[in-house]
Amino acid sequence: MSGMDRRRFLLHAAALGATTLSPGSLAAAKPAGAPFRVVVIGGGYGGATAARYLKLIKPDLDVTLVERTQRYVSCPGSNEVIGGLHPASWLERRYENLRRNSGIRIVCDEVKELERSRRQVILDTGTRLPYDRVVLSPGVAFRWDAWAGYDEAASRRIPHAWQGGPQTLELREELAAMRRGGVMVIVAPPNPYRCPPGPYERASLAAYYLKQRNPRAKILIIDPKTQFSKQALFLKGWEDLYPGMIEWVPMSAEGAIDRIDVTRRTVHLDFGQHVADVLNVIPPQKAGTLAERSGLTDESGWCPIDARHFLSSRDPFIHVIGDACSAPPMPKSAFAANTQAKVAAAAIADAAEGRDAGTPTLINHCYSFLAPDYAISVTGVYRYSESEHGLTATATGETPMDADRRLEARSARAWQRHFARDAFG
Amino acid sequence: MERSLWQVIPLLVTTTLSAAAEKELPRAEISVRACLACHLLTGKPGDGPPALTMPESRFVAAMGAFRSGQRRGSVMNRIAAGFTEEEIRDMARFLAHSGTRGK
Ligand SMILES: Cc1cc2nc3c(=O)[nH]c(=O)nc-3n(C[C@H](O)[C@H](O)[C@H](O)COP(=O)(O)OP(=O)(O)OC[C@H]3O[C@@H](n4cnc5c(N)ncnc54)[C@H](O)[C@@H]3O)c2cc1C
């Protein structure tokens, strides 16, 4: 970095409320000409996109992507697997293209610790990765203490299927094995959580499956909320496609969740209880464990950020993107993680060059399938607002009631294909 | 030979750096990056709506028609509504300058 660049870079960091920036860390700035090192933590939709775009925008950045698994298993699409539309292998995303085409170093390991004072990422194997910037995209963790009876041990018997992986298939198999005329109970989480329309898409595609194989079966959604994403569109779709099969029980009807008995597959509410043949509990959520352990979360459990660059409010060298960050009014989705990753990547490239980043425009667009040829969507366009010190929506909307759902289903399939390439190369 | 996304994006990026003196374009570039989640730049049939490879004037006309509701496409109406006319013109100009196609 040239002297001028360095000064602007530091000013930039300082302007973001860099309370943890000590004179010592200023002195530790790198000599001119050394590569600017970025460590991306988490190879999900957020992290993969960030790593890829960092290299696209500024090829001379030194980019390392650390991900604990060899192969990422996508959550988007997993409700379709539960509904029997695709095999589970369809959800796998490999890192081969990123590794081959992009010049990113990909390390398969667990990040054990973020040593912020020394700006080093410490891996499980003991390796230390020094950084100029980190992009942290660890996804969500569950609040195992929130609902009595549903802790981590209980989740091994009763699946949440809310992280990519084997639980998706478990839930699918339980659905296939359910007794004739049985009841599937889905317990939806309180806000905020990853994929706001996800529980309702899941109910829809489970109904699609059951309608063919087990048509007298019923699906009950127990909800600690009083409204949900794309509600009118879902209710209309359920009426048209699966009349009488899906019932939504909002908190206003039977009260809050008191406890969950996984042995008897029973959900106890303030004013009622429901026994399930197949039980799916989606617990309350918070930012991924590493974010919390590294002191990057606030009392909400999520990571506060400056939405201009997705820089942590707690650390001027760490960008937090995706589900883990708090960026209202954007929802927590793969689409949002992808668009946030591009903003963070551009800000890092700018910082490395001592330029100032432009104000971001971000897009979210989430499809939900109700049947293979029936989809709906919700959209938002967001911009940084100086007066709000955060994002505001410049447009939001849903599929119009009279729109062609088959056309949306075709767009949704195209999105799935393109999006995988935009994130994973 | 097909032009892969891989070849086009760096092109996009380099050209804008040189156009960075034009004040609105970095912002247009950020917006265009968001579009890439759905629209590929290959211009190949089957690679989705060709919005990002169409000539500049057609892009402005199409986005304008979605924005006003004159053209109905369900998804794009909602997205176009989030951008001002000026931003749409900037995005079109950015795309034209970046060599993804036409003027
Ligand atoms: C059923 C379901 C359906 C969904 N459908 C859609 C949809 O249609 N459209 C949409 O836009 N979104 C959808 N989503 C939401 C989407 O899955 C998330 O918003 C998205 O995955 C967020 O990306 P992320 O990068 O923040 O986190 P993740 O994708 O969870 O990635 C985090 C990665 O970090 C890794 N990691 C975490 N900690 C460490 C560590 N310490 N060391 C190493 N690696 C670590 C994890 O292994 C993981 O691979 C859906 C979600 C669900 C549950």
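The values are calculated or read from the model by the stated rules, or taken from the named source; none is laboratory data. These figures come from a predicted structure and were not determined experimentally. Cβ placement follows ideal geometry from the backbone for every residue including glycine, while neighbour counts extend to all protein chains displayed. In case anyone asks, the SASA skips ligands and DNA or RNA and just uses the protein heavy atoms, side chains included. Shrake-Rupley method; radii C 1.70, N 1.55, O 1.52, S 1.80 Å.
Report, by residue number, each residue of the stretch B:61-79 that is open to solvent by less than 50 Å² (accessible area, probe 1.4 Å) and more than 8 Å from every other protein chain (Cβ to nearest Cβ). Within the stretch B:61-79, B:Ala62, B:Met63, B:Gly64, B:Ala65, B:Phe66, B:Gly69, B:Gly73, B:Met76 meet the criteria.
Those strands (runs of 3 or more DSSP E) of the stretch A:71-178 in which 3 or more residues are modelled with pLDDT under 95 and surrounded by 15 or more Cβ atoms within 10 Å (Cβ to Cβ) are absent.
Picking from residues in the stretch A:169-178 that are without any contact (Cβ under 8 Å) to a residue 12 or more places away in the chain and out of contact with any Pro (no Cβ under 9 Å at 6 or more places or on another chain), the one that is farthest from the ligand (Cβ to nearest atom) is A:Ala177. Within the stretch A:52-70, if we keep just the residues that are more than 14 Å from every other protein chain (Cβ to nearest Cβ) and not acidic (Asp, Glu), the residue that is surrounded by the fewest Cβ atoms within 10 Å (Cβ to Cβ) turns out to be A:Gln70. Scanning the stretch A:30-57 for residues that are within 19 Å of A:Val343 (Cβ to Cβ) and at pLDDT below 95 gives A:Leu56, A:Ile57. Hey, could you check the stretch A:293-309 for residues that are in contact with a strand residue (DSSP E or B) (Cβ under 7 Å, 6 or more places away or on another chain) and in contact (Cβ under 8 Å) with a residue 40 or more places away in the chain and say which is most open to solvent (accessible area, probe 1.4 Å)? Only one residue fits best here, namely A:Arg308.
Of all residues in the stretch A:344-362, none are part of a strand (DSSP E or B), touching a Leu at 6+ places or on another chain (Cβ under 9 Å) and over 18 Å from B:Ala34 (Cα atoms).
For the stretch A:235-250, the tally of residues that are within 16 Å of A:Ile186 (Cα to Cα) and among the charged types (D, E, K, R) stands at 1. For the residues A:Ala345, A:Ala324, A:Ala336, the requirement of being without any contact (Cβ under 8 Å) to a residue 40 or more places away in the chain, crowded, with 24+ Cβ neighbours inside 10 Å and within 16 Å of the ligand (Cβ to nearest atom) singles out A:Ala336.
Scanning the stretch A:130-157 for residues that are under 25 Å from A:Val73 (Cβ atoms), within 16 Å of the ligand (Cβ to nearest atom) and in contact (Cβ under 8 Å) with a residue 24 or more places away in the chain returns A:Val134, A:Val135, A:Leu136, A:Ser137, A:Pro138, A:Gly139, A:Val140, A:Ala141, A:Phe142, A:Arg143, A:Ser155.
Look at (1) within 9 Å of chain B (Cβ to nearest Cβ); (2) in a strand (DSSP E or B); (3) open to solvent by less than 10 Å² (accessible area, probe 1.4 Å) and you find that A:Leu370 fails only one, number (1). Of all the residues in the stretch A:282-301, those that are hydrophobic (A, V, I, L, M, F, W, C) and either touching a helix residue (DSSP H, G or I) at 6+ places or on another chain (Cβ under 7 Å) or outside the structural domain of A:Val38 (by TED's automatic domain parsing) (or both) number 3.
Here are some residues: A:Val262, A:Val275, A:Val267, A:Val249. Which one is surrounded by fewer than 17 Cβ atoms within 10 Å (Cβ to Cβ) and among the hydrophobic types (A, V, I, L, M, F, W, C)?
Details: A:Val262 fails: surrounded by fewer than 17 Cβ atoms within 10 Å (Cβ to Cβ); A:Val267 fails: surrounded by fewer than 17 Cβ atoms within 10 Å (Cβ to Cβ); A:Val249 fails: surrounded by fewer than 17 Cβ atoms within 10 Å (Cβ to Cβ).
Residue meeting the stated conditions: A:Val275.
When you check B:Ala65 against the structure, is it modelled with pLDDT of 95 or more and within 13 Å of B:Ala51 (Cβ to Cβ), yes or no? Here the answer is yes, as B:Ala65 does meet what is asked.
Yes or no: A:Pro166 of a type outside the set (Val, Ile, Thr), away from the ligand (no atom under 12 Å from the Cβ) and more than 14 Å from chain B (Cβ to nearest Cβ)? Step through it out loud before you land on a result.
Numbers: of a type outside the set (Val, Ile, Thr): yes; away from the ligand (no atom under 12 Å from the Cβ): yes; more than 14 Å from chain B (Cβ to nearest Cβ): yes.
Considered against the rule, which asks whether it is of a type outside the set (Val, Ile, Thr), away from the ligand (no atom under 12 Å from the Cβ) and more than 14 Å from chain B (Cβ to nearest Cβ), A:Pro166 comes out as yes.
Scoring A:Pro360 on the criteria (1) more than 18 Å from A:Lys55 (Cβ to Cβ); (2) at pLDDT 95 or above; (3) open to solvent by less than 10 Å² (accessible area, probe 1.4 Å) leaves a single failure, condition (2).
Output the residues belonging to the stretch A:48-70 that are in a loop (DSSP other than H, G, I, E, B) and farther than 13 Å from A:Val38 by Cα. Can you show your working first?
Looking only at the stretch A:48-70, we keep the residues that are in a loop (DSSP other than H, G, I, E, B), and these are A:58-61, A:68-70.
Correct list: A:Arg68, A:Thr69, A:Gln70.
A:Gly380 meets the conditions (1) modelled with pLDDT under 95; (2) open to solvent by less than 10 Å² (accessible area, probe 1.4 Å); (3) within 9 Å of chain B (Cβ to nearest Cβ) in every case but one. The failed one is (1).
Hey, any hits in the stretch A:174-187 for a residue that's among the charged types (D, E, K, R) and closer than 23 Å to A:Thr399 by Cα? For the stretch A:174-187, residues among the charged types (D, E, K, R) and closer than 23 Å to A:Thr399 by Cα: absent. If you go through the stretch A:348-357 and keep only what is open to solvent by 10 Å² or more (accessible area, probe 1.4 Å), within 12 Å of chain B (Cβ to nearest Cβ) and of a type in the set (Gly, Ala, Ser), you end up with just A:Ala357.
Would you check which residues across the stretch A:45-90 are aliphatic (A, V, I, L, M) and more than 10 Å from the ligand (Cβ to nearest atom) and list them? Selection gives A:Ala51, A:Leu54, A:Leu56, A:Ile57, A:Leu61, A:Val63, A:Leu85, A:Ala88. Of the residues making up the stretch A:191-214, those that are open to solvent by 10 Å² or more (accessible area, probe 1.4 Å) and in contact (Cβ under 8 Å) with a residue 12 or more places away in the chain are A:Asn191, A:Pro192, A:Arg194, A:Cys195, A:Pro196, A:Glu201, A:Tyr208, A:Tyr209, A:Lys211, A:Arg213.
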